[in-house]
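The next block holds one structure in the form of structure tokens; read it before the comments.
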Amino acid sequence: MPRAIWKGAISFGLVHIPVALVTATSTQGVDFDWLDKRSMDPVGYKRVNKVTGKEVSKENIVKGVAYEKGRYVVLSEEEIREAHPKSTQTIDIFAFVDSVQIPLQHIDKPYYLAPDRRGEKVYALLREALSSTDKVALAHVVLHTRQHLAALMPIDSAMVLVILRWPSEVHGLETLELDDSVTKPKLAKSELDMAKRLIKDMSADWQPEEYQDSFQDRIMALVEKKAKAGKIENVERVEGEEERRSADVIDLTELLKRSLGGKPDSKSKAKPKASTPSKSPKTARK
């Protein structure tokens, strides 16, 4: 399995599922670095005062938030740290909704979720329950000190955690100011039939291996050609710029019953052995 970027647990009711978060995507493109053409030294970003044009030392820089035009409120590093959400290392599910209810414009970035530390059975149970009910789980999760809204979805034999944009970050369709010619169009049947026929003629299967970034391919081919011709410059690089433990999950049926407010039946009320301390819901969350 690829290296996990985060480890924690899915939490809903009293159920606790140890999981590992794995990046599901990568950003493609050509990475252009700035170089000084006279010396081939790398060129970096400077902290410059936009009024005087002079460089500002790090100790003289503070962080401010624009309150009104030309007026800022300055916040200290301690105040900013205090405002950060506390990392709980859990994906806290608070509701289950139909997947079709989540608008496409709210979807931000997907991550794969893999079971971790003997959480395979509970992981599979949640995935199958979501699949059979056509539901996705809405949850809160803190990644890199930032709280996110997320959707937990089944995907084939695994699950994916999709980071969602907060509603306040998504512009409504009313910003397009569409008039009646678009919202209530008067289309001739012949026009619609021709459009449908064109769509049918151009219909194809989803083949991701066929879709390529032509710009990146051309640039990298040019780089390879110039490199083979010996047109390479030497650039000197400049230096400078608690895994959470998961305990065994206690009896799943018992946890589900407790989460639903039900009581275990008499068959499940087996007395613990004297040498084995009884487990509580808190035990499963350590």
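Per-structure values
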| read-out | value |
| --- | --- |
| Filter on Lys46/Lys225; Lys63/Lys86; Lys7/Lys86; Lys121/Lys257 - keep pairs with C-alpha separation over 25 Å | Lys46/Lys225 |
| Highest average packing first - 139-149, 201-211, Cβ atoms within 10 Å | 139-149, 201-211 |
| Highest average packing first - 220-231, 101-112, Cβ atoms within 10 Å | 101-112, 220-231 |
| FRET efficiency for Ser87 and Arg3, using Cβ-Cβ distance with R0 set to 25 Å, rounded to 0.05 | 0.85 |
| At R0 = 51 Å, FRET efficiency that the Cβ-Cβ distance of Met220 and His106 yields, to 0.05 | 0.90 |
| Ordering of 188-197, 81-90 by burial proxy (mean other Cβ atoms within 10 Å per residue, highest first) | 81-90, 188-197 |
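Read the figures in this text as sums done on the coordinates, not as results from a lab. Note that this is a predicted model, so its numbers are computed, not measured. When we count neighbours, we look across all protein chains shown, and the Cβ atoms used for this are built from the backbone with ideal geometry, even at glycine.
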